[in-house]
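The values are calculated or read from the model by the stated rules, or taken from the named source; none is laboratory data. Predicted model, so just to flag it, every value in this text is computed and none were measured. The accessibility values were calculated without ligands, DNA or RNA, using every heavy atom of the protein model including side chains. Shrake-Rupley method; radii C 1.70, N 1.55, O 1.52, S 1.80 Å.
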Amino acid sequence: RFEARAHAEGFSGLRVMSADGRGGLRSVRPDEPLAVIRFVEPLAQNRLAPGINSRANPMAAAAIERALAGHGVSATSSFPLLLPAAFGAPESGVVLYRAVSASRAPASDDAKARGLVFATIRVSQMWQAVLASRPAGVVLCLFEPRGSDSVVLAAEPGCPTRLPMYPAVSELPPD
């Protein structure tokens, strides 16, 4: 049904696909919940994104559900991004989701969500930007809390391999 609507609106080549868990794509199952990427910028680097069902990724699905439940901007944990892997360059990223209503305002408990907007943060690009602007003599380490442990996302020589756990915030409150 989604594909038929998209084709009628001029997206003739759009095909809905889900990640297969091995770095590839598969056809969606008839009972599979959908959150399909329809528009993406810049398209040149993301030409395979239109048609991808974001809900096929468990981390993305959890963040999408939080966003649709009216919890404002919701972030995934870092995970291997599917599209760079398709080009032979695996990369980790974090995706932020926010539900929008029919009025194009952020969705809330009072407004039924019409869709989602998202932003993908590629860890390597963010890390390079941070390194370029750090003060001299500062050693930077990027950790992500995972349960009772932490994962090193990026680190310079001299960073510890583990950190004590601090409370994590993965959701921003609604406006």
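For Ala154, enumerate residues with amide H under 5 Å from its amide H, sequence gap 5+ or separate chain, H modeled in the peptide plane.
Here Leu142 satisfy the definition.
Using a/c under 1.5 as the rounded threshold, could you call segment 1-102 rounded, prolate or oblate? The axes a ≥ b ≥ c are square roots of the C-alpha gyration tensor eigenvalues, and prolate needs a/b larger than b/c, oblate otherwise.
Judged from the Cα gyration tensor, segment 1-102 comes out rounded (a/c under 1.5).
Going by the alpha-carbon gyration tensor, a ≥ b ≥ c the square roots of its eigenvalues, is segment 1-61 rounded (a/c under 1.5) or, if a/c is not under 1.5, prolate (a/b greater than b/c) versus oblate?
oblate
Please give the solvent-accessible surface of His7 in Å², to the nearest 10, using a probe radius of 1.4 Å with every protein chain present.
80
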